Amino acid sequence: MERPDLAVVVVNYNAGEHLARCVASVAAASGELSVDLLVVDNASRDGSARSAAARTPLVRLIENPTNRGLSAAWNQGAAATVAPWILFLNPDAEISGGDLGAFVEAAAVRDDVAMVGPVIHNADGTVYESGRGFPGIAQAVGHAFLGPFFPRNRFTRAYRQTSWDRGTEREVGWLSGAAMLVRRSAFEQVGTFDEGFWLYGEELDLCTRLRHAGWKVLATPTLDVLHIGGVSTGRSRRTHLMHSQGIYRYYRKHRAGGWRRATLPLAWAALRTRAELVAVREGVARRRAAQA
């Protein structure tokens, strides 16, 4: 059997019909590219993985008896494939424009590039600002506490690079994990995903390690992806707390060296407070919507 050009790894957890649309879009966008499409199911209860595999014969399926978390399942999927490029794709993401061959070529022509991300659109058609820089402490704090309530604040605009419409190619700090194409050799060089990140922060950590190893991260308009968001996780207090745990782990691992170790208790308290505030705000919004 010849080595495929591209492996596509989708980790599924109760994604329903979104998974079927995801894998169908991959098959449709494959063109002449040889693709190994692998779904790793983390003990879903809705039958979505088997249903998607039955409807798209290109799919290979791994079924885990327990939920291993996103990073571990992504590593599991990568280890079960051999292609030189791996596209990690969320189950609620669909390829909506472009083709995978051109997307891989945009990465392959640059020997210094380890990761490439597409243009991502939200369900309402707006552009999701994937492809961001690494914020300094002041920018990170300003975005964290003002962004959920006043999204046009200067910290959030600078962090998300809102002046860039994503219609041009650009080197960036890090990319959204909803859809990211990774060079296998670079991925393995830096040690794959850190499985201590259960659900959030793993892409930020991987991009940081890749850049520290001398690799570039690139955003390109060659491919368009529609991402619904929150299908497997929902938007609950629990998920906001999990997000705060992932960001805290990232801060402790990459930003809290030397004297900054002393800031760890404050960082944890701040992140936990932010998670609680955002959860309360979203709960109020849901109640108002239900009463309207």
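The values are calculated or read from the model by the stated rules, or taken from the named source; none is laboratory data. Computed from a predicted structure; not experimentally measured. No Cβ is skipped: glycine too gets one built from the backbone with ideal geometry, and neighbour counts run over all protein chains shown. Please note that ligands, DNA and RNA were not included when accessible areas were found on the heavy atoms of the full protein model with its side chains. Shrake-Rupley method; radii C 1.70, N 1.55, O 1.52, S 1.80 Å.
So what is the relative contact order for the chain, in percent, with contacts set as C-alpha pairs under 8 Å and at least six apart?
On the way: 541 pairs, mean separation 59.8, N = 292.
Contact order relative to length: 20 percent.
Using +1 at the Cβ of each Lys and Arg and -1 at the Cβ of each Asp and Glu in the chain, identify which of P4, G229, A93 lies farthest towards the dipole's positive end.
Result: G229, furthest along the dipole toward the positive end.
In percent, how large is the relative contact order of segment 1-159, given Cα pairs closer than 8 Å and 6 or more residues apart? Could the numbers behind the result be given before it?
On the way: 240 pairs, mean separation 39.5, N = 159.
Reported as a whole number, the value is 25 percent.
For segment 84-149, what class follows from the C-alpha gyration tensor (a ≥ b ≥ c being the square roots of its eigenvalues): rounded when a/c is under 1.5, otherwise prolate if a/b is larger than b/c, else oblate? Display every interim value, and only then the final one.
Numbers: a/c = 2.96, a/b = 1.52, b/c = 1.94.
In terms of gyration-tensor shape, oblate.
Roughly speaking, to the nearest percent, how much of segment 1-57's 1.4 Å accessible area is carbon and sulfur?
The value for segment 1-57 is 49 percent carbon and sulfur by accessible area.
Sorting check: for 105-111, 142-148, which peptide has the highest mean count of neighbouring beta carbons within 10 Å, and how do the rest follow? Spell out each step's value before the answer.
Working: 105-111: 13.6, 142-148: 17.9.
The packing order, highest mean first, is 142-148, 105-111.
So how do M242, M180 rank on accessible area, 1.4 Å probe, biggest first, that is with the largest at the start? Before the final figure, lay out each step's value.
On the way: M242 30, M180 0 Å².
The most accessible residue leads, giving M242, M180.
For I62, what accessible surface area do you get with a 1.4 Å probe? Give it in Å², rounded to 10.
For I62, the solvent-accessible surface is approximately 40 Å².
Per DSSP H run of at least 4 residues, take -39500 (n - 2.57); add these up for the chain, divide by its residues and hand me the 222 nm value, nearest 500 deg cm²/dmol. Provide the component values of the computation, followed by the final result.
Working: 10 runs with 116 residues, N = 292.
Mean residue ellipticity, 222 nm, calculated: -12000 deg cm²/dmol.
Of H212, A138, T126, which is farthest towards the positive pole of the chain's charge dipole, taken about the Cα centre with +1 and -1 on the beta-carbons of Lys, Arg and Asp, Glu respectively?
A138
Might you report the magnitude of the Cβ-based charge dipole of segment 148-292 about its Cα centre, with Lys and Arg at +1 and Asp and Glu at -1, to the nearest 20 debye?
On the way: 26 positive and 12 negative charges, 145 e Å.
That gives segment 148-292 a dipole magnitude of about 700 debye.
Order of 244-252, 284-292, 65-73 by packing, highest average Cβ count within 10 Å first? Please list the in-between numbers first.
Numbers: 244-252: 19.8, 284-292: 8.6, 65-73: 18.2.
The most tightly packed comes first, giving 244-252, 65-73, 284-292.
How much accessible area does W268 have with a 1.4 Å probe, in Å² rounded to the nearest 10?
80
Between N122 and I137, what is the spin-label point distance in nm, taking each point 7 Å from the Cα along the Cα→C-beta axis?
3.1
Please state the charge dipole magnitude for the chain, taken about the Cα centre, from unit charges on C-beta atoms (+1 on K and R, -1 on D and E), reported in debye and rounded to the nearest 20.
Numbers: 35 positive and 28 negative charges, 348 e Å.
So the magnitude is around 1660 debye.
What number comes out for accessible area per residue over the chain if the probe is 1.4 Å? Units Å², please. Numbers along the way, then the final one.
Values: 13510 Å² over 292 residues.
Normalised by residue count, the accessible surface of the chain is 46 Å².
Does segment 142-206 classify as rounded, prolate or oblate by the C-alpha gyration tensor (a ≥ b ≥ c root eigenvalues; a/c under 1.5 gives rounded; else a/b over b/c gives prolate, otherwise oblate)?
Numbers: a/c = 3.19, a/b = 1.57, b/c = 2.03.
The shape class here is oblate.
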